[in-house]
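Below: the structure, in structure tokens.
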Amino acid sequence: MNTLSSSETEQSNNSGFANMSPSTMHKYSIGRILLDMGKITPIEAEHILLFQKENGLRFGEAALQLGLVTEGDIQQVLAQQFDYPYLLPGEGNHSPELVVAYQPFGNQIEVFRAIRSQLVLRWFATGHKALTVVGCNPNDGISLFTANLAVVFSQLGERTLLVDANLRSPQQHEIFNLKNKRGLSDVLADRANIFEVISRIDSFVDLSVLPAGTLPPNPLELLNRASFDELNGQLVKQFDVILYDTLAFSSGVDALTITSRIGGALAIVHENNTRLTDVNIMNEQINRSGAEVVGSVLIDF
């Protein structure tokens with residue numbers, strides 16, 4: 001993997017789209033969706049239709065030229081039509097640093113899409129379903145990167161699970177605004193059923209998160225249990241893509257333990273925080289464990 005740096009319309013009904021699923025919404029025209037979202041009024045819709053016919057435009061183009069909607073409105077509608085949901089600022093109560101969700105048409109999303117494509121070709125298309133995301137230092141942005149990567153995989157329509165396997169300083173429950181009462185640690189300690197603690201993130205197409213759960217006094221011992229392999233075996237039957245967010249290498253050997261059992265890792269290198277020597281040591285340890293470094297990504301956020 002290369003190193004990467006960071007038409008017609010209808011009268012609006014009373015129910016609107018609030019209770020419609022994306023699979024239902026994509027059946028409707030742009031005009032219908034704009035009406036039911038409250039972006040235009042029925043009278044404005046008539047003006048747009050007339051302007052559309054007079055000038056040979058598509059409905060969205062006519063609405064834009066008349067100044068009745070914004071480019072952002074059109075992008076939001078198209079996203080609904082093509083089952084590619086994203087969030088407006090303040091929606092979902094997730095971290096605003098989920099740039100692929102809140103800024104889906106910016107430059108950063110293209111970087112994540114490129115990484116996703118390479119991972120599909122180099123790892124997931126070869127029969128693998130799980131991958132760890134590793135980094136050298138706690139401030140390398142591992143968790144935030146993994147969260148964004150999980151979102152873009154779900155946008156591809158893959159059944160995606162993000163596992164917070166950092167049992168010492170977990171962050172995914174904060175990024176996705178989840179309760180962290182029970183999770184991975186509780187499952188490994190046989191205190192919870194795996195499918196009772198996985199949270200489906202409704203804001204996205206098919207994304208679920210398994211939070212870290214109760215902070216245990218023995219995280220490394222839990223991760224070394226045979227129950228971890230049994231758990232992963234269950235998960236690969238239910239999901240297409242499983243991403244494990246891990247503890248930084250400088251903070252312990254937890255990430256190495258997980259990677260050696262999953263078989264592959266994506267290494268995160270922070271432009272301003274990571275030393276090349278540390279990266280080389282991390283890669284060497286992963287290779288010695290029998291796992292593969294699938295690729296490395298240079299980030300600067």
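Please determine whether any residue of the stretch 193-206 is modelled with pLDDT of 95 or more and more than 19 Å from LYS181 (Cα to Cα).
Checked against the condition, which is being modelled with pLDDT of 95 or more and more than 19 Å from LYS181 (Cα to Cα), the stretch 193-206 yields no hits at all.
Could you tell me which of the residues ASP190, ASP164 is of a type in the set (D, E, K, R) and more than 30 Å from ASN107 (Cβ to Cβ)?
Values: ASP164 fails: more than 30 Å from ASN107 (Cβ to Cβ).
Checking each option against the conditions leaves just ASP190.
Take the conditions within 18 Å of ALA101 (Cβ to Cβ) and crowded, with 23+ Cβ neighbours inside 10 Å and apply them to LEU161. Does it pass? Spell out how you get there, then give the answer.
Values: within 18 Å of ALA101 (Cβ to Cβ): yes; crowded, with 23+ Cβ neighbours inside 10 Å: yes.
So LEU161 fits the description; yes.
Among the residues of the stretch 246-286 satisfying the criterion of being open to solvent by 40 Å² or more (accessible area, probe 1.4 Å) and either in contact with an Asp or Glu (Cβ under 8 Å, 6 or more places away or on another chain) or basic (Lys, Arg) (or both), which is modelled with the highest pLDDT?
Result: ARG261.
Can you pull out the strands (runs of 3 or more DSSP E) entirely within the stretch 228-301 that have at least 2 residues that are farther than 22 Å from PRO211 by Cα and touching a helix residue (DSSP H, G or I) at 6+ places or on another chain (Cβ under 8 Å)?
Working: elements: 241-245, 264-270, 292-299.
Strands (runs of 3 or more DSSP E) meeting the threshold: 292-299.
For the stretch 188-212, what are the residues that are open to solvent by less than 30 Å² (accessible area, probe 1.4 Å) and farther than 18 Å from ALA150 by Cβ?
Listed by number, the residues that qualify are LEU188, ALA192.
Which members of the stretch 214-245 meet the condition of being open to solvent by 30 Å² or more (accessible area, probe 1.4 Å) and β-branched (Val, Ile, Thr)?
Once the filter is applied, which keeps residues that are open to solvent by 30 Å² or more (accessible area, probe 1.4 Å) and β-branched (Val, Ile, Thr), the stretch 214-245 yields THR214, VAL236.
Among the residues of the stretch 248-273, which ones are touching a Cys at 6+ places or on another chain (Cβ under 7 Å) and of a type in the set (S, T, N, Q)?
At the first step, the residues of the stretch 248-273 found to be touching a Cys at 6+ places or on another chain (Cβ under 7 Å) are 248-250.
The answer is SER250, and nothing else.
If you scan the stretch 190-213, which residues turn out to be polar (S, T, N, Q) and under 21 Å from HIS94 (Cα atoms)?
Here is the first cut: in the stretch 190-213, the residues polar (S, T, N, Q) are 193, 199, 203, 208.
Listed by number, the residues that qualify are SER199, SER203, SER208.
Give me the pairs: first residue in the stretch 187-201 and farther than 14 Å from LEU161 by Cβ, second residue among the charged types (D, E, K, R) and open to solvent by 20 Å² or more (accessible area, probe 1.4 Å), beta-carbon distance under 7 Å, and six or more apart or on different chains, which are they?
Here the result reads LEU188/ARG225; ALA192/ARG182, each pair linking the stretch 187-201 to a residue that is among the charged types (D, E, K, R) and open to solvent by 20 Å² or more (accessible area, probe 1.4 Å).
Which of the residues that make up the stretch 100-118 are in contact with a helix residue (DSSP H, G or I) (Cβ under 8 Å, 6 or more places away or on another chain) and modelled with pLDDT of 70 or more? Full working, then the answer.
Of the stretch 100-118, the ones in contact with a helix residue (DSSP H, G or I) (Cβ under 8 Å, 6 or more places away or on another chain) are 100-101, 103-106, 108-109, 112-113, 115-116.
Residues satisfying the conditions are VAL100, ALA101, GLN108, ILE109, PHE112, ARG113, ILE115, ARG116.
The values are calculated or read from the model by the stated rules, or taken from the named source; none is laboratory data. As the structure is a prediction and not an experimental result, all values here were calculated from the model. Please note: Cβ atoms are built from the backbone with ideal geometry, for glycine as well, and neighbour counts cover all protein chains shown. All accessible areas refer to the heavy atoms of the entire protein, side chains included, with ligands and DNA or RNA removed. Shrake-Rupley method; radii C 1.70, N 1.55, O 1.52, S 1.80 Å.
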